[in-house]
Amino acid sequence: MNELELTYEEELEAFLIWMKDAGYTAHTQKSYLADVREFLDSLNGRELGTVKKLHVVSYLTSVRERGVSDATRNRKHASVNCLFKALSELELLSINPAAGIKKSKTDKNREPVYLEEQELERFLAAVDGKYRSRNLAVFLLMSYMGLRVGEVHTLNLSDYNVDRRSLRVFGKGRKWRGIPVPEDVAPYLDQAIADRLVPWRSTEEAMFISQKGRRLSVRGIQGIAADTFSRFQSELPSSQQRAYSSHKLRHSFATMLLRKGADLRTVQELLGHSSIQTTTVYTHITSREKEEAMSRLQISSADKLSGSL
């Protein structure tokens, strides 16, 4: 145990207990603890009961000066806010100096990066290697069912109802949602389960197992995606290559659904968004689609009008 953990041992232990009791995923717990430890390190041993809003803002300012994105800065703020909220609820502190601090403005209207259907097919064709069936199923769950990386990571065998062809997903906000498994995806998911690697522990319930015999980690999924995207774009000149990541597969899913006529509320439910405002970012449409839509507008009496021009 290092000096930081000795100084704040009780608070860190209480925070972890609070997150577990609240149902936070292991991935979220790990991320929040990393942010909180960074914040605590900035306090130079100061007791948490004497921390003021100034100290929190000072930390967030130093984070921004390192060049991190506004989204990352906001996540670190959320982690620190969560720490003080936990300690207040557990009656270890009476104040929350992180409350009331404004979030950084992010570009909410920025169009998400996604793959066109033909590109998506070529990406899936680029999946190869010894664990192809597992990796293909992972990517299909994100690109044709809209799962987040963390949701794929937490999937258990029991979450898949083979008879009903449905998947139970534990998502953000600690909420469960049910997603129908498309007919075209089911055989690949069945094959991945049939080829499932033998876990290190016989009690391991994870649907996807790493070569080390443990639950396939978020970082592991991201790494596999990065390698596949690299192969997918290997023949393109560097100027045409795009900064794809595993999350872009989820963007592609949402875009395809809306283009095929799915209503926004249905897409919201499938993606697990708590607010429909979050889903509206996927309503981007191309110039070509705008032109096609406008070309459908016709003046029924155009011949009569022509004489007045």
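General observations
- The slack in the chain from K20 to R296, taken as 0.36 nm per residue of separation less the alpha-carbon distance, amounts to 93.9 nm.
- Converting phi to 3J(HN,Hα) with the Karplus coefficients 6.51, -1.76 and 1.60 and the offset θ = phi - 60°, the stretch 115-125 yields 9, 5, 4, 5, 5, 4, 5, 5, 5, 5, 5 Hz in sequence order, with x at every glycine or proline.
- Length-normalised contact order for the chain - Cα pairs under 8 Å, 6+ apart - percent: 16 percent
- Gyration tensor verdict on the chain (Cα atoms; rounded if a/c is under 1.5, prolate if a/b is larger than b/c, oblate otherwise): oblate
- The calculated 222 nm mean residue ellipticity attributable to helices in the chain amounts to -15500 deg cm²/dmol, summing -39500 (n - 2.57) over DSSP H runs of n ≥ 4 and dividing by all residues.
- Solvent accessible area, Å² - D70, 1.4 Å probe, full protein context: 60 Å²
- Linear extension gain, R165 paired with Q211, 0.36 nm per residue minus alpha-carbon span: 13.8 nm
- Cross-link pairs K76/K103; K53/K172; K53/K175 - those with Cα-Cα distance over 21 Å: K53/K172; K53/K175
- For the chain, carbon and sulfur atoms together expose 49% of the accessible surface, with a 1.4 angstrom probe and every protein chain in place.
- For the stretch 110-171 versus the stretch 22-82, the inter-centroid distance based on Cα atoms is 32 Å.
- Prolate/oblate/rounded call for the stretch 178-280, Cα gyration tensor, a/c under 1.5 rounded: oblate
- For the chain, the solvent-accessible area works out to 60 Å² per residue, with a probe of 1.4 Å and every protein chain left in place.
- Shape category assigned to the stretch 220-263 from the gyration tensor of Cα positions, a/c cut at 1.5: oblate
- Note on exposure: D21, D263 ranked by accessible area (1.4 Å probe, complete protein assembly) read D21, D263, with the most exposed listed first.
- A crude spin-label estimate for the pair E117 and V68, with each label 7 Å from Cα along the Cβ direction, gives 4.0 nm.
- Computed over the stretch 148-192, Cα set: Rg, Dmax in Å: 10.5, 31
- Magnitude of the charge dipole, the chain, Cβ model with Lys/Arg +1 and Asp/Glu -1, debye to 20: 460 debye
- Protein-only accessible surface order, largest first, of F170, F139 at 1.4 Å: F170, F139
- The stretch 1-58 - Rg and Dmax from Cα coordinates, angstrom: 11.9, 31
- Additional length obtainable on full extension of the chain from S274 to R219, 0.36 nm per residue less Cα span: 17.3 nm
- Checking every one of the GluC sites (Glu not before Pro) in the stretch 172-233 against DSSP loop status and a limit of 12 other Cβ atoms within 10 Å picks out E183, E205.
The values are calculated or read from the model by the stated rules, or taken from the named source; none is laboratory data. In this text the structure is predicted, and so the values were computed from the model without any measurement. Ideal geometry is used to build each Cβ from the backbone, glycine not excepted, and the neighbour counts take in all protein chains shown. Accessible surface areas use protein heavy atoms only, side chains included; no ligands, DNA or RNA. Shrake-Rupley method; radii C 1.70, N 1.55, O 1.52, S 1.80 Å.
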